[in-house]
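All remarks here apply to the structure that follows.
Readers should treat all values here as calculations from the given coordinates under stated rules, not as data from a laboratory. Worth saying up front: this structure is predicted, and the values here are computed from it rather than measured. Cβ placement follows ideal geometry from the backbone for every residue including glycine, while neighbour counts extend to all protein chains displayed.
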Amino acid sequence: MNSANPVDNLATLIRCPSVTPAEGGALGALEAMLAPLGFRTERMTARDAGTPDVENLYARLGSAGPHLMFAGHTDVVPAGDEAAWTHPPFAAAVVDGKMYGRGAVDMKGGIACFLAAVARHVEKHGPPAGSISFLITGDEEGPSVNGTVKLLQWAAERGERWDACLVGEPTNPDQLGDMIKIGRRGSVSGTITVRGVQGHAAYPHLADNPVRGVLALADALMWPPFDAGTENFQPSNLEVTTIDVGNPATNVIPARATARFNIRFNDTWSAETVQAEIVRRLDEAAARERLRPGRAPVSYEIAWAERPSHVFLTRDEKLIASLSEAVRAVTGREPKLSTTGGTSDARFIKDYCPVVEFGLVGQTMHMVDERVALADLETLTQIYETFLERWFVDARS
């Protein structure tokens with residue numbers, strides 16, 4: 001197989017049903033494509049109590065610096081109702097200039113294109129003037145416990161060091177060249193539990209309705225806004241994602257209510273300061289009497305998700321410039337430098353080296369009939385190839 005052809009690379013990867021956390025043959029296929037280019041490959045299985053084992057892949061070409069990492073994931077979300085797909089989700093069918101399949105854009109397509117770019121670079125110039133590595137996980141679409149975070153630790157313990165990283169997530173909203181991600185907002189999740197006293201809805205004085213309390217607390221979390229945004233980040237937003245009482249009866253006041261929330265926060269905050277602000281708001285709201293006149297303050301408990309994601313902004317001008325110039329040279333577009341969207345595994349990589357994200361158009365990711373234009377695969381490969389040439393020059397200057 002010609003690894004310089006991104007269409008062939010992607011078809012091979014899509015045909016591996018690597019629904020998270022299953023490896024599905026995808027890492028093996030990638031190893032087989034990397035080895036002829038001179039990469040040394042290693043598979044690493046990560047384990048943690050209460051989570052599935054995950055296979056990961058690390059591959060390196062070269063031994064000297066500067067060292068560029070490409071990071072991504074071969075695991076994909078489930079296909080859902082396969083009967084709803086126009087073409088089977090793991091067949092890599094090509095119709096009207098588009099390839100259909102789960103993972104086509106998120107993000108087997110990015111891996112396929114970077115692999116093709118490296119193959120072309122090696123064919124034209126020989127081995128890179130430094131090192132290129134692939135850090136590929138099978139846990140990005142899952143709990144993200146046994147994937148990139150542990151693979152980075154594993155590699156670093158073996159002496160691996162990186163000067164920069166490109167993550168191939170689908171960053172472009174409409175067309176290739178729209179957007180480069182140079183940072184991400186942080187993320188904190190939590191669960192609030194309010195305990196009351198169960199009773200008859202007609203005799204509320206004999207009960208204590210926790211719904212009144214949880215609504216007051218939820219309101220305080222969503223208003224007023226946490227901030228108005230900053231120079232590089234959009235405003236922080238907290239969303240209450242569910243309120244539950246587990247009560248099927250209409251005439252019974254429940255004994256317990258819970259609310260779950262998630263906040264995406266900008267560089268106004270750290271994970272610690274935003275948690276402190278949330279607690280301050282809850283304490284203040286708990287003492288209000290609007291929904292609970294004459295009652296004692298709301299008694300609540302809060303449980304934080306184990307691992308918050310920290311806000312970060314990449315300031316490596318050479319890395320950003322090399323990629324931006326490559327996008328302009330190939331597409332003629334000026335990419336927007338953005339920190340929008342959710343989280344990605346870049347949140348782990350930023351602790352080891354500067355990181356940016358750029359990949360395919362993400363309009364169909366996670367959808368039925370996920371698909372990518374073959375023309376976009378070729379264009380992204382050209383962008384990555386141009387980036388490789390520029391980055392190794394810029395990194396040495």
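At a glance:
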item	result
The chain: most fluctuating residue of Pro335, Pro88, Pro17 per GNM, C-alpha cutoff 10 Å	Pro88
Cα gyration tensor shape of segment 1-66, rounded if a/c is under 1.5, else prolate or oblate by comparing a/b with b/c	oblate
Additional length obtainable on full extension of the chain from Thr343 to Arg158, 0.36 nm per residue less Cα span	63.9 nm
Ranking of Ser187, Ser18 by count of other Cβ atoms within 10 Å, fewest first	Ser187, Ser18
Links that overshoot a 22 Å alpha carbon limit, given the list Lys150/Lys350; Lys108/Lys318; Lys150/Lys336; Lys150/Lys318	Lys108/Lys318; Lys150/Lys336; Lys150/Lys318
Vicinal HN-Hα couplings computed from phi for segment 320-332 (Karplus, 6.51 cos²θ - 1.76 cosθ + 1.60; Hz; Gly/Pro x)	5, 5, 4, 6, 4, 5, 5, 4, 5, 5, 8, 9, x
FRET efficiency for Ser270 and Ser299, using Cβ-Cβ distance with R0 set to 30 Å, rounded to 0.05	0.60
Separation in nanometres of the label points that stand 7 Å from Cα toward Cβ, at Asn251 and Tyr203	1.3
Computed FRET value (nearest 0.05) for Glu284 with Asp48, which takes r as the C-beta separation and R₀ as 56 Å	0.90
Fewest-first sequence of Ser322, Ser63 by Cβ atoms within 10 Å of each Cβ	Ser63, Ser322
Average projection area in nm² (convex hull over Cα atoms of segment 192-304, one quarter of hull surface)	7.2
Of all DSSP beta bridges in the chain, antiparallel share, percent nearest 5	70
Approximate shape of the chain as ellipsoid semi-axes (Cα gyration tensor, √5λ), whole Å, largest first	45, 23, 19
Dipole magnitude of the chain, debye to nearest 20 (Cβ charges: Lys/Arg +1, Asp/Glu -1, about Cα centre)	620
Where labels lie 7 Å past Cα in the beta-carbon direction, separation of Glu231 and Ala84 in nm	4.5
Values of log10 I(q)/I(0), in the order q = 0.17, 0.23, 0.27, 0.32 Å⁻¹, for segment 250-292 under a Debye, Cα-only, solvent-free model	-0.69, -0.95, -1.06, -1.15
Overall Cα dimensions of segment 246-397 - principal axes, largest extent first, Å	70, 40, 25
Euclidean distance between Cα centres, segment 47-97 to segment 328-392, Å	15
Highest-fluctuation residue, Leu30, Leu221, Leu291 considered, GNM on the chain with Cα pairs under 10 Å	Leu291
